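A short write-up of the structure that comes next.
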């Protein structure tokens, strides 16, 4: 499984309240959540994101409230993967549960810049910065995680 897209880069401690502000949690509509994704720290995110793009962040991405709305909003916005130095544990689990691929890789998080074109091979864990002609080694996805992601989440994976 591979993805490729333009990078949207963020810093440390991006919490679930800025990924999807609490004032929008009164809906379960994924596209509505996506329309407000990241708006409190990047007002132009929803105008600039394209299907397949990649989000890169520093440490502790997804900290804060344990809401599934945050990874849902990211995925529904078109982001194909999030790369970060580290993820908050509950965000990591919620992302996998809804089928949003995430990879921890400090080297990639440090080197990749906003606007770079990046590809990711989930089977090998290789992250390629096409813009800079550099590669970084993240953790390859085990087969059971690939099944969950390909099934569009844990519940769909269990049904199949």
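The values are calculated or read from the model by the stated rules, or taken from the named source; none is laboratory data. Because the structure is predicted, anything quoted here is derived from the model rather than measured. Don't worry about glycine lacking a Cβ; one is built from the backbone with ideal geometry, like all the others, and counts go over all protein chains shown.
Residues of the stretch 73-87 that are surrounded by fewer than 23 Cβ atoms within 10 Å (Cβ to Cβ) and either touching a helix residue (DSSP H, G or I) at 6+ places or on another chain (Cβ under 6 Å) or in contact (Cβ under 8 Å) with a residue 40 or more places away in the chain (or both): 76, 78, 80, 85. Within the stretch 124-152, being modelled with pLDDT under 90, part of a loop (DSSP other than H, G, I, E, B) and surrounded by fewer than 18 Cβ atoms within 10 Å (Cβ to Cβ) holds for 139, 140, 142, 151, 152. Considering the stretch 111-123, the residues that are touching a residue at least 40 places away in the same chain (Cβ under 8 Å) and more than 19 Å from residue 50 (Cβ to Cβ) include one that is surrounded by the fewest Cβ atoms within 10 Å (Cβ to Cβ), namely 123. Elements of the type helices (runs of 4 or more DSSP H) sitting completely within the stretch 1-112 and holding at least 2 residues that are within 27 Å of residue 143 (Cβ to Cβ) and in contact with a strand residue (DSSP E or B) (Cβ under 6 Å, 6 or more places away or on another chain): these cover 106-111.
Kindly establish whether residue 33 is within 21 Å of residue 153 (Cα to Cα), crowded, with 16+ Cβ neighbours inside 10 Å and under 14 Å from the mean Cα position of the chain (by Cα). Answer is no for this residue.
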